[in-house]
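> Encoded as structure tokens, here's the structure I'll be asking about.
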Amino acid sequence: MARPRRRQPTQKPMAPQQSGKPERLPQVWTPAAMVMALALLLVTLRHAWVADDAYITLRTVDNWVQGYGPTWNIAERVQAYSHPLWFLLLTPLYALLRDPWLAALAASLAASVAALIVVARLAAPRGLGWLALAVLTLSIAYVDYSTSGLENPLSYLLLALFLWRYARLGARDPAYLAVALLGGLAALTRYDLALFVAPALVHALLTGKARRPWRDSLMGAAPVAAWLLFSTLYYGTPLPNTTYAKLGTGIPRWEVLQQGLAYFVDALARDPLTLALIALALLLPLHRPARRAWPLALGLLLYLGYVVWIGGCFMSLRFFSTAALWAVCLLALYGGELLSGRQGQIAAAALLLLGLAGWPITLLSGQDYSYAGATWDEIVGPQRVTDERRVYYPDTGLLNWQRGGRSPGRDWWLVQQPRVFARPEQVLGEAAIGRVGFYAGPQRHIMDKLGLADPLLARLPAIRNSDWRPGHFYRYEPPGYVESLAQGENLLADPDLAAYYDQIRLITRGPLWTRERLAAIVRLNLGLYDHLIDDERHRLPELIRVDQATLQGQAPVRLTDSGLDVVLGEVRHDAALQVRLDCDDEYRIEFRREGVTVGHAVAPASFADAASSLVTMSVPVPRAVVRRGYDTVRILPIWGDGDYAVGALTFGADGE
């Protein structure tokens, strides 16, 4: 008979339970943390403002509240905002307050305060709450976009909640569902935020942290999937109209990448603290105790790569604000050992001192923050990036609310109103469409010259501009388009583009549930109508065409950014050409055959003579082009003073 097993004695409770005292939780609101939280709140209030772009969303909100539907212009269904969840949160608040400026600030401040609380809570276990709040107080990027009326504050809150819950996940943890939902809501706030959270969610799935992997993942993605379905059926496209306007510009990728790097250079000059925080967060997984933070650092790296890929933003520091929040939370959650002890104290002091190197220092910015007296070149800067808060703070800053007892946004409109309503036409063509669009009212059709809110112009390539700025891509207005909008019928002169516009009108203006409209939505999103758009005609609307012989015997040709085509009349295989160019400008020389570019060269500025003179430039032809041959030489300005000119063009190293 088997011998009975001895019963193991019950283990005694651990010491904390023996004493009957509950486990002590880390204190969140230490005196230092409370002081820094108050400082961050006060700085946020002093910086509080509303951007012109926020009014683009607010016009759509206003139209919806008035019963016209969530549209930019009431005649057509267009998604002119890029932050669906922020839009949905603003709508009931605006319906209650009926003041766009106040609704935008109230939503921004509420989300920012909630994010502040979450950051303090997640940093508390390491005793880093005060430091996390201190560096955020000194981060110009974070503070400037803690308001603005854009989606950044909501992004702060959702990303901070995501990180807090993610760091506490265990094996087969039911809390993975909450983490996945927070990630989905962050992506719904702005789609590119998915880059932050995706690596962490995938890593958690692969390492068994989800109790029900498929169900939890699907539920986390459900908010985004539901909105994409709604957007496709209602607006006709899954992505916002702004996406097509900003990414379908026709600008060469190398120029976009160059501008994306310039966005980082601008940020480093304005806000070195934020760039230092981001760099530390990226390097954090190299520290052995923090290696498990690598999926989060990878998400940060993917986001920064995306910022470079799209060419950054015209708003200085905007895309670095969420990156700053993400970096601070990573350092607080996983960098405790790195920031502890004497070494950590030195690093913390260095970060705080670096925060005082930015300009303007967040603690000193006040009511007079503006570009008063500045030239356009000073406003845009060498990187073609602008401090938007400095542009709009005089009109929409919270510290200016007391003037006249009205919201600053309304005061601005009282000044602009005569200019807008002095124009009798119902269709107004504008580039800065936010406040003008909102206050002009739903009965005025606002044609956005940049295409952000226009369903046709967004799908046309941007007019070539050698001095382009991110987010400011002007479109060529096709003949008959303004008349089409005014009269409500297709009056476009170009028959191919008119056929394309018929489909756009069917999707954005036709009945929602017809078979023809649904079929047009499918074909549009598959690109089956793209052949109807002549990219070159819209990209280079002022392109000059001249044959070589005519160019030889006439005065220099003045050209715009659209450039000049010199038609050779035959296929040439010459290895060099001579061309007379304005000496203080740089040009791109493209060699084309049968309408296709087969190669290019660059003619740099020479500055050899007076600024207005022409000089003869020798341009070598690439070997591959010589072998293939070319029948047209296209000359495009790259940069200069805007006064571009081209003279005679001959072949051979000596012009023979």
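> Taking the Cβ-Cβ separation of Thr597 and Ala431 as r and a Förster radius of 25 Å, what is the calculated FRET efficiency to the nearest 0.05?
That pair, Thr597 with Ala431, gives E of 0.25.
> Now for a different question. Taking a probe of 1.4 angstrom, what is the accessible area of Thr616 in Å², to the nearest 10?
80
> Same structure, new question: Going from most exposed to least, what order do Met36, Met219, Met315 have by accessible area with a 1.4 Å probe?
Met219, Met36, Met315
> Okay, next question. For the stretch 72-144 and the stretch 510-565, write down the distance between their C-alpha centroids in whole Å.
Rounded to whole Å, the Cα centres lie 40 Å apart.
> Would you work out if the stretch 92-177 is rounded, prolate or oblate? Take a ≥ b ≥ c from the square roots of the eigenvalues of the alpha-carbon gyration tensor; rounded if a/c is under 1.5, else prolate when a/b is larger than b/c, oblate otherwise.
It comes out oblate by the Cα gyration axes.
> Here is a follow-up. So how far, in whole Å, is the C-alpha centre of the stretch 308-381 from the one of the stretch 634-653?
With the stretch 308-381 and the stretch 634-653 each reduced to a Cα centre, they are spaced 42 Å.
> Report the relative contact order of the chain, percent, no decimals, based on alpha-carbon pairs under 8 angstrom and at least 6 residues apart.
13
> Right, here's the next one. Would you mind getting the accessible area per residue of the chain, heavy atoms of the protein chains only, 1.4 Å probe, in Å²?
Here the per-residue accessible area is 45 Å².
> Here is a further query. How much accessible area does Val482 have with a 1.4 Å probe, in Å² rounded to the nearest 10?
Ignoring ligands and nucleic acids, Val482 comes out at about 50 Å².
> Separate question: Of all DSSP beta bridges located in the chain, what percent are antiparallel, nearest 5?
75
> Each label point is 7 Å from the Cα along the Cα-to-Cβ direction; what then is the distance between the points at Asp641 and Arg523, in nm?
Output for this residue pair reads 5.2 nm.
> If I take R0 = 45 Å and measure r between the Cβ atoms of Ala95 and Arg288 in this structure, what FRET efficiency does the formula 1/(1 + (r/R0)^6) give, to the nearest 0.05?
Rounded to the nearest 0.05, the efficiency is 0.30.
> Rounded if a/c is under 1.5, else prolate if a/b beats b/c, else oblate: with a ≥ b ≥ c from the C-alpha gyration tensor eigenvalues square-rooted, which is the stretch 411-542? Don't jump to the answer; show the numbers that get you there.
Numbers: a/c = 1.98, a/b = 1.36, b/c = 1.45.
It comes out oblate by the Cα gyration axes.
> For the stretch 30-103, report the % of Cα-Cα distances exceeding 15 Å. Spell out each step's value before the answer.
Working: 1655 of 2701 pairs.
That fraction is 61 percent.
> Here is a further query. Determine, at each q value in 0.08 (inverse angstroms), the log₁₀ of I(q)/I(0) that the Debye formula gives when each Cα of the chain is one equal point scatterer.
Debye output, listed in q order: -0.71.
> So, R0 is 35 Å and r is the distance between the beta-carbons of Leu247 and Val380; what FRET efficiency does that work out to, to 0.05?
Efficiency computed from Cβ-Cβ geometry: 0.95.
> Which percent of the Cα-Cα distances in the stretch 485-620 go past 28 Å?
42
> From largest accessible area down, sort Val28, Val415; use a 1.4 Å probe on the protein chains. It would help to have the intermediate numbers written out before the result.
Numbers: Val28 30, Val415 110 Å².
Result of the area sort, largest leading: Val415, Val28.
> Shifting gears a bit: Along the charge dipole of the chain, pointing to its positive end and built from +1/-1 on Cβ of Lys, Arg, Asp and Glu, which listed residue (Asn490, Val625, Pro26) has its Cα farthest out?
Pro26
> Using the Cα centre of the stretch 88-241 as the reference point, and only Cβ charges (+1 on K/R, -1 on D/E), how large is the resulting charge dipole? Debye, rounded to the nearest 20.
So the magnitude is around 640 debye.
> Hey, what number do you get for the chain at 222 nm if only DSSP H runs of n ≥ 4 count, each worth -39500 (n - 2.57), divided across all residues, to the nearest 500?
-15000 deg cm²/dmol
> With every protein chain left in place, what is the accessible area of Trp401 in Å² (1.4 Å probe, nearest 10)?
Trp401 has an accessible surface of roughly 90 Å² with all protein chains in place.
> Is the shape of the stretch 164-306 best called rounded, prolate or oblate, per the rule: a/c under 1.5 gives rounded, else a/b larger than b/c gives prolate, else oblate, with a ≥ b ≥ c the square roots of the Cα gyration tensor eigenvalues?
The shape class here is oblate.
> Counting only protein heavy atoms and a 1.4 Å probe, tell me what percentage of the chain's accessible area is made up of carbon and sulfur.
Values: 17490 of 29300 Å².
Its accessible area is 60 percent carbon and sulfur atoms.
The values are calculated or read from the model by the stated rules, or taken from the named source; none is laboratory data. It should be emphasised that the depicted structure is a prediction, and the values quoted were computed from it without experimental measurement. Note that we place each Cβ from the backbone using ideal geometry, even for glycine, and neighbour counts take in every protein chain shown. Ligands, DNA and RNA are excluded from the accessible area calculation, which covers all protein heavy atoms including side chains. Shrake-Rupley method; radii C 1.70, N 1.55, O 1.52, S 1.80 Å.
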